[in-house]
Every structure is written in C-alpha cells, then in structure tokens.
Amino acid sequence: MTFENTLFLIPSIAEGNLLDTLIHGNLRFLGASLLHIIASATIGIFMGLSFYKSSVWRKIYTSCGIIIAIILHTVFNLFIISESQTNIFLIFGGVWFGIILLLLFFEKIKKVGVKN
C-alpha cells in the first residue's frame, strides 16, 4: 500500500509540484489506511456474527465477509484510479460512512449470544 502510493506521487515530485504532492499524498495514504480498516473489519464483523452458529454457517459468513471486503476494495480502487476531483469527496464521504457503519455493527456484535 505505501509503496503503491509512493509510486503514484513520483510524477508530482518530479514536476516539482509540492502542494499537489502533499494534498494527494495525504488523501491517498489516509484513504487507503481507512479502506484497509474497513475491509479487515468487515471480515471480522461477519466472523463475529457467525460466532454461535454451526461450522458450515461460520464458513459461509466468513466467505461473505471476504467477498464484501474484496468488493469494497475494488470499488475504492476504481474510484481513485479515475482521479476526478469530484470523486475525492464522494470517495472520502463513502469511507467515513463506512467507518460509521462499522461502529454500529460492532455494537451489534457485542450483543451476539446475549440472551434477553
């Protein structure tokens, strides 16, 4: 991830465009870090939701979590490759929305297996 982002910044550095390098570098590093948090947490959430289920269901839930994490990562990559300035706000809005959803799902997982 870091190496990929560094390679992306080399043309801006070569052109001497320091401001562009700082802005895009920070956005890419922050966005990629948050995306990887979301992707890994998605797998963990599905594993947590399956904790008290049978072995077969645990495998199905984990597989679904992995597939959704792959889809999220792919969508993020497709958006940042397009490099449209309007996409930046859409991408980061989506990433922060994803973080909020993760927090809500973590609250749900805390209650898994708790009998009322």
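Okay, here's what the table says:
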| read-out | value |
| --- | --- |
| Label assignment, Cα Rg over 2.2 N^0.38 Å derived from the structure, set (1) 1.33; (2) 1.99; (3) 1.14 | (1) |
| Charge sum, other residues only, whose C-beta stays under 13 Å from residue 47's C-beta, Lys/Arg counted +1 and Asp/Glu -1 | +3 |
| Of 19, 31, 96, farthest towards positive along the dipole that unit charges on Lys, Arg, Asp, Glu beta carbons give the chain | 96 |
| Mean Kyte hydropathy of -0.5 or more with a Cα span along the axis of at least 30 Å, helices from DSSP in the chain | 18-49, 55-82, 85-110 |
| Net dipole in debye of the chain [+1 Lys, Arg Cβ; -1 Asp, Glu Cβ; about Cα centre; nearest 20] | 1000 debye |
| Descending semi-axes in Å of region 15-68, equivalent ellipsoid built from Cα gyration tensor | 39, 8, 4 |
| Calculated FRET efficiency for the pair residue 6/residue 68, C-beta based, R₀ 30 Å, to 0.05 | 0.60 |
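Computed from the coordinates by the stated procedures, all read-outs in this text should not be read as laboratory data. In this text, all values refer to a predicted model and were calculated from it rather than measured experimentally. Positions of Cβ are generated from backbone atoms using ideal geometry, with glycine treated the same way; all protein chains shown enter the neighbour counts.
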